[in-house]
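All remarks here apply to the structure that follows.
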Amino acid sequence: MSAMDISDSEPPMNVKEDQDAVLSMAQSHSGLSISVHPLVLLNISDHYTRIKLQNPSAFEKGRVYGALLAKQSGRDIELMNSFELPANTQETGQVKVDCAYLTTKQEQLKLVFPQFDFMGWYSLGVAPTDSDLKIHEQFLPMNESCLFLQMNPTALEGGAKEFPVSIYESVFDIIDGQTRLGFVKAPYRVETNEAERIAIDQVAKPSTSENEVGLGSALIAHLTTQRNAIGMLYARIQFLQSYLRDTKAGLVPVDHDIMRQIASVCRRSPVIDQIAFEDQYSTEYNDILLVTYLATITKGMNTLNDLIDKHNLVHSRGVKNTTKTVVGGKKGRWENSV
């Protein structure tokens, strides 16, 4: 199993040992206010997906690396964008990042985004390891306080709800009289502006193909919202039923306040009579079919009227262009020429 293809939610033993060695349990006291924009997260996810699907062998041999670009104002840091970084694994197993490419890429981006600065790098994994620390040391000459963003693509397996992104700051600890570089976990928040919210909303909407005639994105989005709402209502009703069963069986103590609230919800919910519901459903269904049938007849009549108008127009032109010409002597003969 490769370093990134981890199926267990619990880190391996060697990862735990490396984590204890490089990750400090102390809280961050730098006072930095770090915010991450969605574009950074989308770039990292896209980078991971492409490498894993297009070149699985390269993905198994190494990991995914990239640079973080940010805007800094005092102690406020906004991670705005990111780009990929090439890296080579040496014979000793140590990863060497192409810092020359990073410098060139940064100079090019400065021409378009002069406010963006190199603020750190990203990778994938469960927790920081000693190899991550060695890679981090390669970026310190460019930014002595660079950040390390780590995304765990397997964190959401099994229905986990925790956001699979962690950000670490670099700290220097004195251990046995020697200075040692380590990581400390830093708090952050996800922040979006108006343009990013519109873009994320468009990405999240289900797409429709050209073959789906008559189905628009608005209709699909509306039906998807209704389906999700019905699913959530069903799940909560099941939860209330489970609570009432446990209360009746004596597994849960009776809470009269909760019971009154459940009774109020039940009184507000309409009681559906099966026979009355079937009659009303059949009536509405027949009305919809009738409206559809009338619309089809109307469309057919319009098409037929257009055809009749075109036929009359062609016929009238033919009659107007018909003339009579006399040929021969006195008796002669009539010849119609069009």
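So the values come out like this:
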item: Tyr122, Tyr285, Tyr243 arranged by Cβ crowding within 10 Å, fewest neighbours leading; result: Tyr285, Tyr243, Tyr122
item: Debye, to nearest 20: dipole size of segment 222-269, +1 on Lys, Arg Cβ, -1 on Asp, Glu Cβ; result: 200
item: Of Ala229, Tyr243, His256, farthest towards positive along the dipole that unit charges on Lys, Arg, Asp, Glu beta carbons give segment 222-269; result: Ala229
item: Förster-model FRET efficiency, 25 Å R0, Gln72 and Glu162, C-beta, rounded to 0.05; result: 0.35
item: Where labels lie 7 Å past Cα in the beta-carbon direction, separation of Ile308 and Leu251 in nm; result: 7.3
item: Cβ-based exposure ranking for Cys146, Cys266, Cys99, in which fewest neighbours within 10 Å come first; result: Cys266, Cys99, Cys146
item: Sites matching trypsin sites (Lys or Arg not before Pro) across segment 66-167 that sit in DSSP coil, with at most 12 neighbouring C-beta atoms within 10 Å; result: Arg75, Lys161
item: Cleavage-rule hits, GluC sites (Glu not before Pro), segment 82-146, DSSP coil, Cβ neighbours within 10 Å at most 15; result: Glu91, Glu144
item: Cβ-Cβ FRET estimate between Met301 and Ile275, R0 fixed at 30 Å, reported to 0.05; result: 0.15
item: Ranking of Ser33, Ser82, Ser170, Ser73 by count of other Cβ atoms within 10 Å, fewest first; result: Ser73, Ser33, Ser170, Ser82
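Bear in mind that the values in this text are calculations on the coordinates, not laboratory data. Owing to the predicted nature of the structure, the values given are computational and were not obtained by experimental measurement. Cβ: placed from backbone, ideal geometry, glycine included. Neighbour counts: every protein chain shown.
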